[in-house]
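One structure is given here, and the rest of the page talks about it.
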Amino acid sequence: MNLELCCQDPRNDDETLDRWAELGELVDLPFQYDGEARIEDTRRFCDWLPGMFASANWEPGLRTLPETARICLATTFFQEPHQTQLHLLLHEAIHLRLFRGRLRANFQVLIQARRLPVEEGEFFHRRRYIALLLLMFVQEVGADYYLRAHYPQRWHVYVQERLTHYYLPVHVPQLDAQDPLSPFVLLYTLFRVELGLRMVDAAEPRRLLVERRDNLRNALREVMSPVDFDQFTKAAVEQVLQVDVGNDEPDAEAYRSVYDRVMAVLPPAMNDAPA
Ligand SMILES: [Zn+2]
């Protein structure tokens, strides 16, 4: 398998190779690749989504094309402290291991979902974006469990960084009664909080996580039927948080139920249309 590193801004290319080499000296990497890591300079295989620091993608080998793992680094990545950059790289490297191994069924749904044509209009693009975040959530859970189990010496600092970046970000989305996708944006925020509560031990951040969880649950209870509320805020999150990444045997479960549910949400005008 080849490994390609790709930066949003070419001025970061040299620094990226240095950082990757540094990570390899610091820890045993979670996956093996052939030869040297190389810079991918066409930059066309990465989605530079707002708010992202880094992402990973993987292409299985196809006829003459080699199997390729890729880590994409946004400009914001390089504004993070040095140590955080190393942890972000390790996190993406763990994603690559799980994409090919334990969470392969989920990753395959993700690839198919990304290839599906999107209907015209802002609503449908946003619906897909939110649905994909919820589909990918199990990969985030898996990455944290894996890092905690295999890199205990990095865990203490990583979990603090993860708290501000992912479990408890400053910006909290608000419910918009006119927007049928809004509950699912809150649901994704709640999923992250629930993951944080499984990961964080310190008292004060736990207090903040509990407070945010309760606020989000109360808001969702207002807009969801009791059946949906239980299904999404309890059953779905419990199922995903129970994912076991303790071995590489592909997990048959694709964790797609919430994704499917979001993709079935209709824009407001269509809901109001007479039957
Ligand atoms: Zn991630």
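What follows is calculated from the coordinates using simple rules that are stated; it is not laboratory data. Because the structure is predicted, anything quoted here is derived from the model rather than measured. As a convention, Cβ positions derive from the backbone with ideal geometry for all residues, glycine included, and neighbour counts pool all protein chains shown.
Per-structure values
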| item | result |
| --- | --- |
| About the Cα centre, charge dipole magnitude for the chain (Lys/Arg +1, Asp/Glu -1 at Cβ), debye | 540 |
| Separation in nanometres of the label points that stand 7 Å from Cα toward Cβ, at ASP248 and LEU65 | 2.4 |
| Projected label distance in nm at GLN231 and HIS125, using a 7 Å step from Cα toward the beta-carbon | 2.9 |
| Loop-located GluC sites (Glu not before Pro) in the stretch 211-247, at most 10 other Cβ atoms within 10 Å (DSSP) | none |
| Shape category assigned to the stretch 130-184 from the gyration tensor of Cα positions, a/c cut at 1.5 | oblate |
| Cβ-defined net charge surrounding ALA235, 13 Å radius [Lys, Arg +1; Asp, Glu -1] | -2 |
| Centre separation in Å (Cα based) which lies between the stretch 1-52 and the stretch 67-114 | 10 |
| Nonlocal amide H pairs with CYS7, under 5 Å, H built at 1.01 Å | GLU40, LEU73 |
| Whole-Hz couplings from phi, Karplus 6.51/-1.76/1.60, listed for the stretch 83-92; x for Gly and Pro | 5, 5, 4, 5, 5, 5, 5, 4, 4, 5 |
| Förster radius 41 Å - calculated FRET efficiency between ILE39 and VAL172 (Cβ-Cβ, nearest 0.05) | 0.65 |
| For ARG126, net neighbour charge (Lys/Arg +1, Asp/Glu -1) across residues whose Cβ lies under 13 Å away | -3 |
| Loop trypsin sites (Lys or Arg not before Pro), the stretch 16-89, which have at most 14 other Cβ atoms in a 10 Å radius of their Cβ (DSSP) | ARG43, ARG44, ARG63 |
| Hz values of 3J(HN,Hα) by residue in the stretch 187-194 - Karplus curve (6.51, -1.76, 1.60), Gly and Pro given as x | 4, 5, 5, 5, 4, 5, 5, 4 |
| Two-site label geometry, LEU266 and ASN218: point separation in nm, points 7 Å out along Cα→Cβ | 3.3 |
| Rounded to 10°, Cα long-axis angle of helix 104-115 versus longest principal axis of the chain | 70 |
| Net +/- balance of residues flanking TRP58 in space, Cβ distance below 10 Å, scoring K and R +1, D and E -1 | +2 |
| Vicinal HN-Hα couplings computed from phi for the stretch 235-246 (Karplus, 6.51 cos²θ - 1.76 cosθ + 1.60; Hz; Gly/Pro x) | 4, 5, 5, 4, 4, 5, 6, 8, 4, 10, 10, x |
